[in-house]
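So the structure is just underneath, and the comments pick up after that.
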Ligand SMILES: O=C1O[C@H](COP(=O)(O)O)[C@@H](O)[C@H](O)[C@H]1O
């Protein structure tokens with residue numbers, strides 16, 4: 001029997017996530033894999049018919065130029081069923097419309113996802129059913145643990161996919177190749193040779209009409225709790241014997257588990273801010289609190305930063321700064337590994353002030369190694385040079401990669417249950433300190449680089 005998924009049911013099919021990310025990702029996947037046959041069932045509270053849903057799917061497919069037999073089949077066979085996801089009978093009806101093994105994709109806010117998972121307890125799931133959960137997975141550690149326990153009642157762990165689309169980006173996938181297939185890096189990949197690591201994902205984008213999700217969630221949960229901690233785990237994890245899914249997940253989970261707040265103090269380790277009116281990427285943005293749908297009382301941050309360490313023999317004492325902000329001018333999206341200075345520079349060589357730096361792009365598929373060299377001109381003066389490569393986008397976009405793994409039931413890109421709980425344990429400490437007023441909510445104009453936190457960075461060197 002073919003054990004791949006043949007029906008994808010999107011709960012929240014009429015939402016922003018589905019139309020902007022999931023469906024374009026699927027379109028790319030089906031274009032690349034013309035033999036794949038998928039029944040695509042959309043579901044939402046709104047009444048729609050199959051034709052309207054097919055139009056929505058076609059519109060999203062068109063944004064990525066999706067074509068070919070698999071795309072035609074998916075469009076011809078697309079179905080829409082309105083459903084209340086907290087009603088077991090509605091979920092039963094959705095699953096009844098599936099052919100072969102179904103995947104239920106929860107493109108829903110955490111509270112609604114929890115209700116749907118609860119309702120599924122009363123539904124008999126078809127053999128092999130896959131449950132794909134969007135981030136944020138739960139709302140805090142306890143809530144995530146409860147959700148994990150409910151899911152464990154439904155299907156085996158390997159059929160639960162906790163989606164983190166950063167794990168499907170080419171560069172993040174390539175951290176493994178870079179680290180474990182080049183003799184150059186791994187012997188130096190430790191506290192003796194690396195002085196600090198920054199994992200930065202700043203964006204020009206502001207709220208973009210997403211107050212319903214983002215307001216009250218904020219940058220710490222939206223980006224650091226999931227994506228950036230996962231990216232960090234790929235940097236800090238021990239080399240696995242194989243890249244088989246269970247082994248990779250175990251190595252990453254252990255890596256997340258070892259993460260501690262810098263100096264053990266959430267107030268010293270974390271910083272937060274939100275944007276005020278300004279211009280970024282040629283677009284005028286209002287104060288965050290004046291964006292449509294924002295509740296100023298929630299005190300949502302649009303820029304979050306935390307310094308942590310991986311409390312292991314390999315990494316103890318090395319600061320890892322994770323940071324993500326919206327409405328940032330000239331944003332950086334990269335992992336920056338800064339090596340320690342050489343123990344000594346020969347007398348007479350001038351200008352060797354900067355250390356060797358490895359930059360792994362997160363928003364673009366780039367890798368660059370910044371080196372000191374004797375450049376042209378005075379032979380005793382050191383210049384900087386960069387060995388850089390742009391290895392091109394992957395065949396699929398990140399959601400295409402993630403969907404492929406879900407449809408093939410290959411959990412390599414999924415986050416294991418305990419890893420999510422470890423991540424929340426860290427974030428909960430920070431949010432408790434924020435709620436207790438221990439970390440001020442600063443402001444920065446949209447289009448600026450964000451507040452000047454260099455004093456905090458110096459303290460952590
Ligand atoms: O998950 C999210 O990621 C995006 C940034 O990732 P990208 O791949 O779309 O560049 C971020 O804008 C969004 O707020 C967050 O929910």
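The values are calculated or read from the model by the stated rules, or taken from the named source; none is laboratory data. This structure is a prediction, so every number in the text was calculated from the model and none was measured. A quick note on method: Cβ atoms are made from the backbone with ideal geometry, for glycine too, and the neighbour counts reach across all protein chains shown.
Residue check: residue 45 meets all listed conditions (1) at pLDDT below 95; (2) closer than 25 Å to residue 400 by Cβ but one, namely (2).
The listed residues are 81, 30, 120, and the only one of them that is under 18 Å from residue 401 (Cα atoms) and crowded, with 18+ Cβ neighbours inside 10 Å turns out to be 30. Selection of first residues in segment 193-209 that are closer than 18 Å to residue 235 by Cβ and in contact (Cβ under 8 Å) with a residue 12 or more places away in the chain and of second residues that are within 12 Å of the ligand (Cβ to nearest atom) and in a strand (DSSP E or B), restricted to Cβ pairs under 7 Å at least 6 apart or on distinct chains, gives the following pairs, ordered by first then second residue: 200/333; 201/324; 201/333.
The number of residues in segment 383-404 being out of contact with any strand residue (DSSP E or B) (no Cβ under 7 Å at 6 or more places or on another chain) and more than 16 Å from the ligand (Cβ to nearest atom) comes to 4. Within segment 160-169, is even one residue within 16 Å of the ligand (Cβ to nearest atom), at pLDDT 95 or above and either over 25 Å from residue 395 (Cα atoms) or outside the structural domain of residue 294 (by TED's automatic domain parsing) (or both)? Among the residues of segment 160-169, at least one is within 16 Å of the ligand (Cβ to nearest atom), at pLDDT 95 or above and either over 25 Å from residue 395 (Cα atoms) or outside the structural domain of residue 294 (by TED's automatic domain parsing) (or both), which makes the answer yes.
Report yes if residue 243 is away from the ligand (no atom under 12 Å from the Cβ) and not in a helix (DSSP H, G or I), otherwise no. Let's see the steps before the verdict.
Working: away from the ligand (no atom under 12 Å from the Cβ): yes; not in a helix (DSSP H, G or I): yes.
It is true that residue 243 is away from the ligand (no atom under 12 Å from the Cβ) and not in a helix (DSSP H, G or I).
When 327, 277 are checked against the criterion of being more than 15 Å from the ligand (Cβ to nearest atom), assigned by TED's automatic domain parsing to the domain that holds residue 213, more than 30 Å from residue 179 (Cα to Cα) and touching a helix residue (DSSP H, G or I) at 6+ places or on another chain (Cβ under 9 Å), a single residue qualifies: 277.
Considering 362, 369, the condition of being surrounded by 14 or more Cβ atoms within 10 Å (Cβ to Cβ) and closer than 30 Å to residue 138 by Cα is satisfied by 362 alone. Would you say residue 126 is loosely packed, with under 15 Cβ neighbours inside 10 Å, closer than 26 Å to residue 26 by Cα and touching a residue at least 24 places away in the same chain (Cβ under 8 Å)? Here the answer is yes, as residue 126 does meet what is asked.
Here residue 208 does not fit the description of being under 15 Å from the mean Cα position of the chain (by Cα), within 16 Å of the ligand (Cβ to nearest atom) and assigned to a loop (DSSP other than H, G, I, E, B). Condition test on residue 187, is it farther than 21 Å from residue 235 by Cβ, more than 16 Å from the ligand (Cβ to nearest atom), surrounded by fewer than 17 Cβ atoms within 10 Å (Cβ to Cβ) and at pLDDT 95 or above? It is false that residue 187 is farther than 21 Å from residue 235 by Cβ, more than 16 Å from the ligand (Cβ to nearest atom), surrounded by fewer than 17 Cβ atoms within 10 Å (Cβ to Cβ) and at pLDDT 95 or above.
I'm trying to understand the selection: among the residues of segment 33-46, which are surrounded by fewer than 24 Cβ atoms within 10 Å (Cβ to Cβ) and within 26 Å of residue 116 (Cα to Cα)? If the condition is that a residue be surrounded by fewer than 24 Cβ atoms within 10 Å (Cβ to Cβ) and within 26 Å of residue 116 (Cα to Cα), then 39, 40, 44, 45, 46 are the ones that fit.
Among the conditions (1) within 22 Å of the chain's Cα centre (by Cα); (2) surrounded by 19 or more Cβ atoms within 10 Å (Cβ to Cβ); (3) in contact (Cβ under 8 Å) with a residue 40 or more places away in the chain, the only one that residue 20 does not satisfy is (2).
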